[in-house]
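Written out below as C-alpha cells is the structure these notes cover.
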Amino acid sequence: MKSKSEIKAITGEIKKFRDARDWEKFHDPKNLAICLSVEASELLEVFLWKNHDEIKVEKLKEELADVFYSAFLLADKFNLDVGDIVREKLKQNAKKYPVEKSKGSRKKYDEL
C-alpha cells in the first residue's frame with residue numbers, strides 16, 4: 001500500500017535528519033510526547049484570534065509538520081505503524097459514532 005510505505009519513508013527521512021545531528025539521545029518517549037504537545041500548542045497559536053481567511057498557510061504547514069515529526073518519531077519508538085493505528089481508531093470511532101445516530105451532530109458518543 002502506497003500510504004503505508006510513504007509514512008515509513010518520511011519517518012526514515014526524519015530519523016536520518018535526527019541521527020545526523022545526534023539528537024536521538026534527547027528523543028525518549030516522554031520528551032517526544034512533551035514535544036508533540038508543545039508543537040500542537042504552536043499549531044493552535046496559528047489560529048489564535050484569527051478568522052479562517054487570516055490564517056497564514058505557510059505557518060500552518062510549518063507547525064503541522066512539527067506535529068507530524070514528533071508523532072511519527074513517537075510511533076516509531078514503539079514500533080507502531082501509523083496507518084494501522086489510525087485505521088484501528090477509525091474502526092473504534094465507527095462503532096462509537098454510527099452514522100444513523102451521529103450524522104450532523106457534534107454530541108459525544110455517550111450523549112447520542
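The values are calculated or read from the model by the stated rules, or taken from the named source; none is laboratory data. Treat the numbers as computed from the prediction; the structure is a model and nothing was measured. Here Cβ is always computed from backbone atoms with ideal geometry, including for glycine, and neighbour counts include all displayed protein chains. Surface accessibility is based on the protein's heavy atoms, side chains included, excluding ligands, DNA and RNA. Shrake-Rupley method; radii C 1.70, N 1.55, O 1.52, S 1.80 Å.
Kindly indicate whether any position in segment 10-30 is of a type in the set (A, V, I, L, M, F, W, C), touching a Phe, Trp or Tyr at 6+ places or on another chain (Cβ under 7 Å) and open to solvent by 50 Å² or more (accessible area, probe 1.4 Å). Break it down stepwise before answering.
From segment 10-30, those of a type in the set (A, V, I, L, M, F, W, C) are 10, 14, 17, 20, 23, 26; that's our starting set.
Remaining after also requiring touching a Phe, Trp or Tyr at 6+ places or on another chain (Cβ under 7 Å): 10, 14.
Restricting the remaining residues to those that are open to solvent by 50 Å² or more (accessible area, probe 1.4 Å) gives 10.
Yes, segment 10-30 has at least one match.
What number of residues within segment 36-53 are open to solvent by 90 Å² or more (accessible area, probe 1.4 Å) and either more than 30 Å from residue 76 (Cα to Cα) or touching a residue at least 40 places away in the same chain (Cβ under 8 Å) (or both)? Break it down into steps so the answer makes sense when it comes.
Our first condition is that a residue be open to solvent by 90 Å² or more (accessible area, probe 1.4 Å); within segment 36-53, this holds for 44-45, 47, 49, 51-53.
This time we only want the ones that are either more than 30 Å from residue 76 (Cα to Cα) or touching a residue at least 40 places away in the same chain (Cβ under 8 Å) (or both), so: 49, 51-53.
Counting residues in segment 36-53 that are open to solvent by 90 Å² or more (accessible area, probe 1.4 Å) and either more than 30 Å from residue 76 (Cα to Cα) or touching a residue at least 40 places away in the same chain (Cβ under 8 Å) (or both) gives 4.
From 66, 19, grab the single residue that is farther than 17 Å from residue 86 by Cα, free of Cβ contacts under 8 Å to residues at least 12 places away in the same chain, of a type outside the set (Gly, Ala, Ser) and out of contact with any Pro (no Cβ under 9 Å at 6 or more places or on another chain).
Numbers: 66 fails: free of Cβ contacts under 8 Å to residues at least 12 places away in the same chain.
Result: 19 is the single residue among 66, 19 that is farther than 17 Å from residue 86 by Cα, free of Cβ contacts under 8 Å to residues at least 12 places away in the same chain, of a type outside the set (Gly, Ala, Ser) and out of contact with any Pro (no Cβ under 9 Å at 6 or more places or on another chain).
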Note to self: I'd like the full set of residues that are modelled with pLDDT of 95 or more and either within 16 Å of residue 78 (Cβ to Cβ) or not in a helix (DSSP H, G or I) (or both), limited to segment 1-17.
What the structure shows: 11, 14, 15
Notebook entry, point to check: Which of the residues that make up segment 51-65 are within 22 Å of residue 37 (Cβ to Cβ) and among the hydrophobic types (A, V, I, L, M, F, W, C)?
Noted result: 55, 60, 64, 65
Margin query: Quick check on my filter: what residues within segment 66-107 are assigned to a loop (DSSP other than H, G, I, E, B), open to solvent by 80 Å² or more (accessible area, probe 1.4 Å) and either over 28 Å from residue 35 (Cβ atoms) or among the hydroxyl-bearing types (Ser, Thr, Tyr) (or both)?
Written below: 103, 104, 106, 107
Next item on the list: Take segment 55-65 and flag every residue that is open to solvent by 90 Å² or more (accessible area, probe 1.4 Å) and either part of a helix (DSSP H, G or I) or closer than 16 Å to residue 5 by Cα (or both).
Entry: 58, 61, 62
